[in-house]
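Visitor: Supplied in C-alpha cells, the structure appears directly below.
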Amino acid sequence: MPTQKQWESARKRQAMYAALRAFFLSEGYLEVETPCLVAHPGMELHVEAFDVFLCSQGQGKPRQKLYLHGSPEYAMKRLLADGAPPLFQITKAFRNEALSALHNPEFSMLEFYRPHSDYQAIMEDTERALACAERAVLQGSGFFSKLPFERLTVREAFLRETGIDLWAHMDCRGQYNGRSLRAAALDRGIFVGNSEAFEDVFFHIFLERIEGQLGVERPTFLVEYPACMASLARLKPSESHVAERVELYARGVELANGFSELRDAVEQRRRLEEERKERQRLGKEAYSIDERFLNALPRMPASSGIAVGLDRVLLLLLGANSIGEVLLFPVEEF
C-alpha cells in the first residue's frame, strides 16, 4: 500500500508532467510516442537491456527477440531524419542495473530533440523546462530557478577539484593516456584501481572527487567530454579531442545526458562496432546494430537532444531520500 508521502509525490508528479508538456508545446515541440520494445537496444558499455521474446513471426518460425528500450533515442532521431519538428516525449525506460537510492530498473524519462541546433540550445531549453516544472511542483521558485545554470567543462571540473589537467595527459595525436593520468591521480592520493585504461581511471577520479561537488549552489551543466566518452555525439569542430556532450548535475546527482548529435553514419558505425567488440571482450551480450538508425543519420539535420531522469528530478524537488519514495510501485514492492 502506498504511503502518504508516495500519494503526495504522485500529485506532484502530475503537476510536473503538466508543466513540462505546457512548456514544450509553447516552444513548438511535438509530443510523440515511440516503441518501448525494440530490436536494437543502445550499445552503451555499462547499460544492460531487459530482453523479451515475442512469438510474432507465424507458426513454425523462430521467436523474435526484442528488448525493452533504455532510451527512445534511435527512434526519435529517425523521426528527425524524416523532417519532424522539435520533438519530446515522457516515457518509461528500462535498464537492468542494481537497485539503489537513485535507480529503479523501470523509470520515467523526458527526452527531447531540437533540429537545426547544437548542445547550447538544448541546455537553454532544459533549464527553462525544469524551472517551469519546479514552479508547478513547489508553487514557487527554488533551486532549479537559478538561471542560467552553471556551465563547466570537464577539463575545468578536473582542474578545480583535483588540480589535474586532462589535456596534459594527451599525446600529439589527441589520444588520451590512461597510464599518465593514473600516475597523476596516485600522486594526489586518489584511489583509481589497477586498470590503466583512460576511461577507467577517469571515472575513478570523477566519482571519488568530482561528481559530488557538482551542482551544489545551482545546477551545473558539465560539458565537453573527452572524445572517447561520447559515442553518439559529434566532435567539437575547433577541438577534435573534445565531444559536444553535456550532462546535468544537481546537488551531486546526475539528472540528464545530451549531445550535439553525430550525423556521420560511417563514423557512427565505427564507434558502435568498437563498443560491440568491447562488450564481447567483457563477456556481455553484443547487441546488433540498428541499420535503420544508421541509414537515417545522413538525412538528419544538425540537431541536439537530451534525456532527463524525471524520477530523480522529482526526488530532488521533494527532498526525498530515495527513488522509492517518489514511486507508487518501486521494484522492491513486487
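The values are calculated or read from the model by the stated rules, or taken from the named source; none is laboratory data. What you see is a predicted model; the values in this text were computed from it and never measured. Neighbour counts are summed over all protein chains in view; Cβ atoms, including those assigned to glycine, are modelled from backbone coordinates with ideal geometry.
Visitor: Going through segment 264-309 one residue at a time, which ones are under 24 Å from Phe50 (Cβ atoms), at pLDDT 95 or above and among the polar types (S, T, N, Q)?
Guide: Hits for segment 264-309: nothing passes.
Visitor: Here is a list: Ser288, Ser238. Which entry is over 29 Å from Glu150 (Cβ atoms), surrounded by fewer than 21 Cβ atoms within 10 Å (Cβ to Cβ) and hydroxyl-bearing (Ser, Thr, Tyr)?
Guide: One residue alone meets the criteria, Ser288.
Visitor: Restricting segment 144-166 to residues that are part of a helix (DSSP H, G or I) and under 19 Å from the mean Cα position of the chain (by Cα), which is nearest to Ala129 (Cα to Cα)?
Guide: Result: Phe144.
Visitor: Oh, and also: Looking for something at pLDDT 95 or above, outside any strand (DSSP E or B) and either buried (at least 17 other Cβ atoms within 10 Å of the Cβ) or at positive phi (or both) - is there at least one such residue anywhere in segment 167-180?
Guide: No, because not a single residue in segment 167-180 is at pLDDT 95 or above, outside any strand (DSSP E or B) and either buried (at least 17 other Cβ atoms within 10 Å of the Cβ) or at positive phi (or both).
Visitor: Checking the condition of a type in the set (Gly, Ala, Ser) and within 21 Å of Gly142 (Cβ to Cβ), which residue from Ser288, Ser322, Ser304 passes?
Guide: The unique qualifying residue is Ser322.
Visitor: Could you tell me which residue of segment 121-141 is farthest from Arg218 (Cα to Cα), considering only residues that are without any contact (Cβ under 8 Å) to a residue 40 or more places away in the chain and surrounded by fewer than 20 Cβ atoms within 10 Å (Cβ to Cβ)?
Guide: This residue is Gln139.
Visitor: Under 8 Å between Cβ atoms, at least 6 apart or on separate chains: pull out the pairs that start in segment 1-25 with a residue that is touching a residue at least 40 places away in the same chain (Cβ under 8 Å) and end on any residue that is of a type in the set (Lys, Arg).
Guide: Pairs found: Ala19/Arg135; Phe23/Arg128.
Visitor: Right, another one. Within segment 226-251, can you find the residues that are of a type outside the set (A, V, I, L, M, F, W, C), farther than 17 Å from Met123 by Cα and free of Cβ contacts under 8 Å to residues at least 60 places away in the same chain?
Guide: The answer is Pro237, Ser238, Glu239.
Visitor: Keeping to segment 46-90, report how many residues are touching a residue at least 40 places away in the same chain (Cβ under 8 Å), among the polar types (S, T, N, Q) and surrounded by fewer than 20 Cβ atoms within 10 Å (Cβ to Cβ).
Guide: 1
Visitor: What number goes with the only condition from (1) β-branched (Val, Ile, Thr); (2) at pLDDT below 95; (3) surrounded by 20 or more Cβ atoms within 10 Å (Cβ to Cβ) that Val246 does not pass?
Guide: Just one mismatch for Val246, condition (2).
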